[in-house]
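Written below as structure tokens is the structure these notes are about.
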Amino acid sequence: MRERTNKLKEEVCTLFTPSKDMLRRMYLVDEIVHLGIDHLFEKEIETALKDIHESEFASSNLHEVALRFRLLRERGFWVSPDVFQKVKGDDGNFLNELADDPRGLISLYNAAHLFIHGEPEFEETISFARNHLESMIWDSVLKGPLADQVKHAIRLPLPRTLKRVEMLHYMFEYDQDNGHNPVLLELAKLDFNLLQHVHLKELKEISRWWKDVSGYMGLNHIRDRVIECYTWSYAVYHEEELSFARMLFAKIVVIITLLDDTYDVYAFTSIEECRTLNAAIQGWDDSAISLVPEYLRKFYEIMLSTFREFEDQMLSNKRYLVAFNKAEAAEWSHRNYKPSFSEQVALATETTGARLLAAGVMLGMSDAATTREAFDSIGSQNKADMPCAVETYINEHKVTVDVAIAKINELAVLPVAQRLINLTMAIPMFYGYDSDAFTFGEQLREILENLYVKPMPI
């Protein structure tokens, strides 16, 4: 399988041959990303998108304009909302004929979800596209695969999907398309199966770890959700070379879940026991174990030993990441005050463990991604109303958006930010449609089987 994969990779690389046909290159990048094999062609994709970004784009086709906008913004290239002026009339509204272009409307709907602060016009764009797409569904104007695509997009726009789950959906759709590239499809299936083998081995390893840990702790109030915890980590990074980071982060999610179950308002842990456990976590030392209630001491030991394991496995110049995670675990753990609603909103920003997860994402990533600057930028974002990094840089240095984004990319913030975005994309899978699939795992059974158990037929 690896030999065949390497051969196909060589064939795909030839498709990236420099060309003035920007549309062809856009479609190629879109298919590769959608099929989940973009991690095999990062340099080629970056070069292609740079050329696309720097080239004149005369098309006024809605689908093509929106596709270019989405592809570039997703990868950190600045594209002005003004590009959509070419599909608007003199009154500033979208042209009437666009209401009969379902493919273009889907692309516009997906692209508009990449808006940033200060772009309220995209909220109107989303409403425009959604209303027309919904009308097409209700009026039964659309049939077959196109109708399914519209329903799928309305339910969850492309920029907000969990990429690996979306890949499974798209791969089936792509296979049914008579114009699909068989080389891309075969490579995507082989790559998925090879990665699935790696992920399944990791699941076995972390399941054995959890069996030992949970058996040693002997706690009755904790959820057995190690597969779901691993899936949070899988959502952040699925690549084979990031196995180390994936396993570390999965264990961090397990610890957060244990803390959540222990401090939960419905748990049988008393308020005094919560306070003593919190005091021990603040101390973060073996000597503090005497503060911990007897039945929670083994849990405290596991927490300390797990972070020591992280430190032993990390390079010495990256251990500040582990130190921050420990501090965040302590800060996250103690929230006993009964707040007002407004206080609860502010408090929830921290109690969800967002900062701990943000720092944890960086554990095990490459040196290029986990620079001090990137870490400080991500780690400091702890307020719900804090402006985004781009706005902050513009305000402080009085520069244009292009300059701000370029500077942030230099600091390697973008790769880390993308991993955090991946993390948030898992939220709809676990908690969408008023459900709690993390606690009630049967709701995820089919998805998890498709990701981890069932190989793609070649």
Taking the full set of protein chains and a 1.4 angstrom probe, give the accessible area of Leu95 in square angstrom, rounded to the nearest 10.
60
With a 1.4 Å probe and every protein chain left in place, work out the accessible area per residue of the range 1-187 in Å², rounded to a whole number.
52
Starting from the amide H of Ile116, placed 1.01 Å from N in the peptide plane, find each other amide H under 5 Å away whose residue is 5 or more places distant or on another chain.
none
Rounded to the nearest 10 Å², what accessible area does Lys201 have for a 1.4 Å probe in the complete protein model?
120
Heavy atoms of Phe172 accessible to a 1.4 Å probe, total area in Å² rounded to 10:
140
Where the range 202-266 is the region considered: accessible area per residue in Å², 1.4 Å probe:
40
Given points 7 Å out from each Cα along the Cα-Cβ axis, report the Phe244 to Trp209 separation in nanometres with one decimal.
1.4
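The values are calculated or read from the model by the stated rules, or taken from the named source; none is laboratory data. Treat the numbers as computed from the prediction; the structure is a model and nothing was measured. Quick reminder, even Gly has a Cβ in these numbers, built from the backbone with ideal geometry, and neighbours come from all protein chains shown. Note: accessible area is taken over every heavy atom of the protein model, side chains too, but ligands, DNA and RNA are not part of it. Shrake-Rupley method; radii C 1.70, N 1.55, O 1.52, S 1.80 Å.
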